[in-house]
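Shown next, in C-alpha cells, is the structure this report addresses.
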Amino acid sequence: MSFLVQKKVTDDQPSTTIPIGSWNLPSDMVLADPGFNKQVPLDILLGLEYFYELLLLNGGRVQIQRIGEGLPLFVNTVFGWIAAGKADFGSLNPVPCCHVSVDPTLGEKIERLWKIEEMPDVPRWTKEEQDCEEHFEATFSRDATGRYVVRLPKRMGFERMVGESKDMAVRRLV
C-alpha cells in the first residue's frame, strides 16, 4: 500500500466563495466563523470525537436553526453558530471534496474485524451438544395443535444408572 504525502490535510474550504447575501441570517445569530462562506485555508480541523462536546449548550439541548430551503442548517456550538450540511449553490457548482483520515493500522483493524465476524464453516459443538441435536432431530414431531413434541433425553448408560427401579417405583405409586 502506498500513500501520497501532502503538506496539507485538506484544500481551502469552502471550495469556492459562496454569496450569502440572500440567506437572511438572523441579526442576533453570532457566527463561530463570520467568514465561513469565503474560500480560505482551514484554521483548525477537529476530530469527530470532539464534535458532540461542542454542542453541549443549555444543559445539553442541541439548538438547530433552518434559515431556508436548500440552505445548510445552523447549529449552535460553544464557539457560536456553525453552518452544517448541504446547500444548493445553483450555477456556482463548487468542487466536491472529501476528507479522509488514514490510520496506518486501519487495514489491520479491518482484517481483524472480518476475521471476528466470519462465520465458521462447521458448527463448533461439544459432543454433548451434538448428541442433543441428534436426539431432537430423531424424536421431534408436531401434534394436532402445532406444538412440538420431543421425547425426554436420556444420558448414555441411563439404564445402568437407574438400575432395576421399576418394581420399587410401582410399589411406591400403589
If you go through region 1-11 one residue at a time, do you hit one that is assigned to a loop (DSSP other than H, G, I, E, B), of a type in the set (Phe, Trp, Tyr) and at pLDDT 75 or above? no
The condition from (1) touching a His at 6+ places or on another chain (Cβ under 9 Å); (2) of a type outside the set (Gly, Ala, Ser); (3) without any contact (Cβ under 8 Å) to a residue 12 or more places away in the chain that LEU106 misses is numbered (1)
Conditions first: (1) modelled with pLDDT under 75; (2) more than 30 Å from GLY68 (Cβ to Cβ); (3) open to solvent by less than 100 Å² (accessible area, probe 1.4 Å). LEU113 passes all but one, so which condition is the exception? (1)
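Yes or no: region 140-155 includes at least one residue that is of a type in the set (Gly, Ala, Ser) and open to solvent by 90 Å² or more (accessible area, probe 1.4 Å).
Among the residues of region 140-155, at least one is of a type in the set (Gly, Ala, Ser) and open to solvent by 90 Å² or more (accessible area, probe 1.4 Å), which makes the answer yes.
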Consider LYS38 against the criteria (1) in a loop (DSSP other than H, G, I, E, B); (2) modelled with pLDDT under 85; (3) open to solvent by 100 Å² or more (accessible area, probe 1.4 Å): it satisfies all of them except one. Which criterion is unmet? (2)
Pairs where the first residue, in region 1-29, is of a type in the set (D, E, K, R) and the second is at pLDDT 80 or above and surrounded by fewer than 14 Cβ atoms within 10 Å (Cβ to Cβ), C-beta under 8 Å, 6+ apart: LYS8/PRO41; ASP12/VAL40; ASP12/PRO41
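The values are calculated or read from the model by the stated rules, or taken from the named source; none is laboratory data. Not measured: the values here are computed from a predicted model. Cβ coordinates were reconstructed from backbone atoms using ideal geometry, including for glycine residues, and neighbour counts include every protein chain displayed. For accessibility, only protein heavy atoms count, side chains too; no ligands or nucleic acids. Shrake-Rupley method; radii C 1.70, N 1.55, O 1.52, S 1.80 Å.
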